[in-house]
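Undergrad: Got a structure for you, questions after.
The values are calculated or read from the model by the stated rules, or taken from the named source; none is laboratory data. Quantities reported herein were computed from a predicted structural model and do not represent experimental measurements. Note that we place each Cβ from the backbone using ideal geometry, even for glycine, and neighbour counts take in every protein chain shown.
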Amino acid sequence: MVLVNVDKSELDLHTPEIEKLIYPCNTVIDFSIGAALWFASRGKGKIAGTETDYTSNARVILIGIGYVFLDFLLNLILKHNAALMNKWLATDATAPNS
């Protein structure tokens, strides 16, 4: 595992380039995820548990955020559905059954 540690000055230096590459980039979370992926894709860091610098020559990055994203999306849908049902129940006793 390669640990990528980026300080604020390095992030600020690359922010304009990262913002051009991310779509959508409407929220802080969009930028945060995009920046993390951008810095990880450079392949520069330290080997975990050591102080040894490492630079990868890989041309492909494999990420495992699919389940995290699906979990986020499912929770968002459930919260939206609950809010919608509460609105229907507050305004109309004939809310559809779910």
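Undergrad: Has the stretch 38-46 got any residue that is loosely packed, with under 12 Cβ neighbours inside 10 Å and on the phi < 0 side of the Ramachandran plot? Don't jump to the end; show me each part of the working.
TA: Taking the stretch 38-46 and keeping what is loosely packed, with under 12 Cβ neighbours inside 10 Å, we get none.
Scanning the stretch 38-46 turns up no residue that is loosely packed, with under 12 Cβ neighbours inside 10 Å and on the phi < 0 side of the Ramachandran plot.
Undergrad: Based on this model, can you work out whether G45 counts as touching a Phe, Trp or Tyr at 6+ places or on another chain (Cβ under 9 Å) and among the small types (G, A, S)? It would help to see each step written out before you state the result.
TA: Values: touching a Phe, Trp or Tyr at 6+ places or on another chain (Cβ under 9 Å): yes; among the small types (G, A, S): yes.
For G45, the condition - touching a Phe, Trp or Tyr at 6+ places or on another chain (Cβ under 9 Å) and among the small types (G, A, S) - is met.
Undergrad: Okay, moving on. Any idea how many residues of the stretch 55-66 are modelled with pLDDT under 90 and part of a loop (DSSP other than H, G, I, E, B)?
TA: Step one: filter the stretch 55-66 for residues modelled with pLDDT under 90, giving 58-66.
Add one more test, that the residue is part of a loop (DSSP other than H, G, I, E, B), and what stays is 58-65.
Total meeting the criteria: 8.
Undergrad: On to the next question. Of the conditions (1) surrounded by 10 or more Cβ atoms within 10 Å (Cβ to Cβ); (2) basic (K, R); (3) modelled with pLDDT of 75 or more; (4) assigned to a helix (DSSP H, G or I), K87 fails just one. Which one is it?
TA: (3)
Undergrad: Just for the stretch 18-35: of the residues that are part of a helix (DSSP H, G or I) and free of Cβ contacts under 8 Å to residues at least 12 places away in the same chain, which one is farthest from G49 (Cα to Cα)?
TA: Filtering the stretch 18-35 down to residues part of a helix (DSSP H, G or I) leaves 18-21, 28-35.
Imposing the further condition that a residue be free of Cβ contacts under 8 Å to residues at least 12 places away in the same chain reduces the set to 20, 28-30, 32.
Values: K20: 34, V28: 30, I29: 28, D30: 30, S32: 25 Å.
By that ranking, first place goes to K20.
Undergrad: Do we have any residue at all in the stretch 45-54 that's touching an Asp or Glu at 6+ places or on another chain (Cβ under 7 Å) and in a strand (DSSP E or B)?
TA: Step one: filter the stretch 45-54 for residues touching an Asp or Glu at 6+ places or on another chain (Cβ under 7 Å), giving 46.
Next, only the ones that are in a strand (DSSP E or B) stay: 46.
Scanning the stretch 45-54 turns up at least one residue that is touching an Asp or Glu at 6+ places or on another chain (Cβ under 7 Å) and in a strand (DSSP E or B).
Undergrad: Checking V28 against (1) at pLDDT below 90; (2) surrounded by 10 or more Cβ atoms within 10 Å (Cβ to Cβ), only one condition comes out false. Which one?
TA: Unmet for V28, out of (1) at pLDDT below 90; (2) surrounded by 10 or more Cβ atoms within 10 Å (Cβ to Cβ): (2).
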